[in-house]
Amino acid sequence: MPALAQNADAVLGKWINPSGEGQIQIYKKGNLYYGKLVWLKSPNDEATDKPKLDRNNPDKNLQSRPILGLEILKNFKFDGDNVYEDGNIYDPKNGKDYSCKMTLNVNKLKIRGYIGISLLGRSEVWTRVK
């Protein structure tokens, strides 16, 4: 059993998205996995030179929080086969939450965000930050 737990924790660490605009730190709380935005290529709004805010969030109370430091991955469970399921991903670009599944392949992490069923969604591959 300890080998399985160790394998599950292989996802921990920093990952960069395909555009190179952001890095996400994946960490564990209890038996679930989470990720937060820990680095942005352009953390500040060009017009104001102040930190970019979560302006597109449908919750007016959350629109003033900075995007940097935002927890965008929540509640992922390890299923035992390099897959992390039943989680959600938040997209600050549109203020929406999506169901999400992550599949780990050594230094690549396939992120599949979807609404309803996994067939209808979008995938991208994040790369481990050395």
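When THR127, THR48, THR103 are sorted by how many other C-beta atoms sit within 10 angstrom of their C-beta, beginning with the fewest, the order is THR48, THR127, THR103. What you get for the chain, charging only the Cβ of Lys and Arg (+1) and of Asp and Glu (-1), is a dipole of about 160 debye around the Cα centre. In the structure shown, the pairs LYS60/LYS101; LYS36/LYS110; LYS52/LYS77; LYS14/LYS96; LYS41/LYS110 are assessed against 26 Å; a Cα-Cα span above that value is assigned to LYS60/LYS101; LYS52/LYS77. Cα-based radius of gyration for the range 1-76, normalised by 2.2 N^0.38 Å, reads 1.32. Build a GNM of the chain with springs between Cα atoms under 10 Å apart, and of LYS108, LYS74, LYS93 the one that fluctuates most is LYS93.
Throughout, read-outs are computed from the coordinates displayed, never taken from laboratory work. No experiment lies behind these values; they were computed from the predicted model shown. Because the Cβ atoms are built from the backbone with ideal geometry, glycine has one as well, and the counts that use them run over all protein chains shown.
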